[in-house]
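Structure record follows, encoded as structure tokens.
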Amino acid sequence: MTSPQTGRNPSFSERKPVLTVIIIELLLLLAVFSAGAVATVKQLDYTSPVLISFTPMAVVLIIYLTVRRKWGETGFRSLRTIPVQHARYYIPLLLVLGTIALKGFTELTLTKVIFFVFFTLLVAFVEETVYRGLIFKTLLRRSAMAAVVTSSILFSVTHMLNALSGQSVADTMLQLVYALLLGAVLALLMLKNGNIIPLILFHFIHNLIQFLSDDLQDTHTLSYDLFLLVVLVAYCIWLTLSFRITKRSSSDSGTTGHEVIQ
């Protein structure tokens with residue numbers, strides 16, 4: 001059926017956004033599970049499952065976005081498209097990065113740094129493109145609320161796979177909550193500005209600092225983690241309220257607000 005608005009046949013993702021999201025998530029989980037099984041059998045190190053699964057995923061995403069000309073639609077736009085007055089909404093991300101960096105760093109070698117630069121950039125590109133790009137944009141056709149909440153939950157659930165690598169239940173649960181809140185923050189920023197580049201850069205630097213940081217005693221680590229959770233909760237509230245204010249201001253001025261969480 002041809003859409004009267006666009007004059008073309010709607011794509012599968014436009015006709016069945018929920019099913020599209022389910023398929024994307026299942027394919028990602030299948031790829032990671034399969035890579036984890038291979039790494040376990042061959043007794044490879046802890047980064048191997050991600051490298052085995054995310055490398056072909058990155059290639060597929062690049063080919064798909066190029067062939068279908070969806071780079072811009074997915075959020076890969078010039079940073080100049082972000083309104084200057086919206087720059088303040090990214091400032092708390094610097095607080096998150098600074099808090100993680102306070103842990104200090106392990107002994108670094110050039111080889112280690114180069115490897116983790118590639119590794120974390122790969123992870124940031126794939127995860128942001130999938131969750132804040134494809135999944136978020138697909139669900140945005142239903143509602144902004146569905147896009148933010150669902151993409152954040154799926155992003156969090158995917159991190160449950162860390163439990164398979166021997167991580168404790170307590171650490172996994174903490175990471176799930178952290179990933180949920182961080183995913184919500186990034187989704188709200190995507191909703192506000194429609195630009196995925198700052199999110200990839202933040203995700204890249206965030207993971208790079210984590211992989212190169214020095215492990216502290218459990219009590220200190222817990223204090224940092226709890227502080228970050230509080231910051232992320234406050235961050236989510238601030239971003240959500242900013243949409244409400246924009247909506248109200250637009251209504252008062254007689255214009256239609258673009259930034260609305262429904």
Item to check | Of the criteria (1) surrounded by fewer than 16 Cβ atoms within 10 Å (Cβ to Cβ); (2) farther than 19 Å from A146 by Cβ; (3) modelled with pLDDT of 90 or more, which one S242 fails | outcome: (1)
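Being under 16 Å from the mean Cα position of the chain (by Cα) and over 15 Å from M145 (Cα atoms) is the filter here, so list the residues in the stretch 168-193 that pass it.
Q175, L176, V177, Y178, A179, L182, N193
Rundown of residues vs (1) assigned to a loop (DSSP other than H, G, I, E, B); (2) open to solvent by less than 20 Å² (accessible area, probe 1.4 Å); (3) within 19 Å of H203 (Cα to Cα), yes/no style:
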position	(1), (2), (3)
F116	no, yes, yes
F119	no, yes, yes
E128	no, yes, yes
L134	no, no, yes
K137	no, no, yes
R142	yes, no, no
M145	no, no, no
V148	no, yes, yes
V157	no, no, yes
Next on the checklist: Quick test for you: out of A124, A58, pick the one residue that is more than 21 Å from I209 (Cα to Cα), of a type outside the set (V, I, T), out of contact with any Asp or Glu (no Cβ under 9 Å at 6 or more places or on another chain) and open to solvent by less than 20 Å² (accessible area, probe 1.4 Å).
Outcome noted: A58
Item to check | Residues (modelled with pLDDT of 95 or more and open to solvent by 100 Å² or more (accessible area, probe 1.4 Å)) located in the stretch 92-108 | outcome: L94
Item to check | Yes/no for G72 being open to solvent by less than 40 Å² (accessible area, probe 1.4 Å), without any contact (Cβ under 8 Å) to a residue 24 or more places away in the chain and assigned to a helix (DSSP H, G or I) | outcome: yes
Checklist outcome for this item: Selection over the stretch 75-107 where residues are touching a residue at least 24 places away in the same chain (Cβ under 8 Å), in a helix (DSSP H, G or I) and either of a type in the set (G, A, S) or in contact with a Ser or Thr (Cβ under 6 Å, 6 or more places away or on another chain) (or both) yields a count of 1
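The values are calculated or read from the model by the stated rules, or taken from the named source; none is laboratory data. Since the structure is predicted, the reported quantities are computational estimates derived from the model, not experimental observations. Note: ideal-geometry Cβ built from the backbone for every residue, glycine included; neighbour counts use all protein chains shown. Just so you know, the surface numbers come from the protein's heavy atoms only, side chains and all, with ligands and any DNA or RNA stripped out. Shrake-Rupley method; radii C 1.70, N 1.55, O 1.52, S 1.80 Å.
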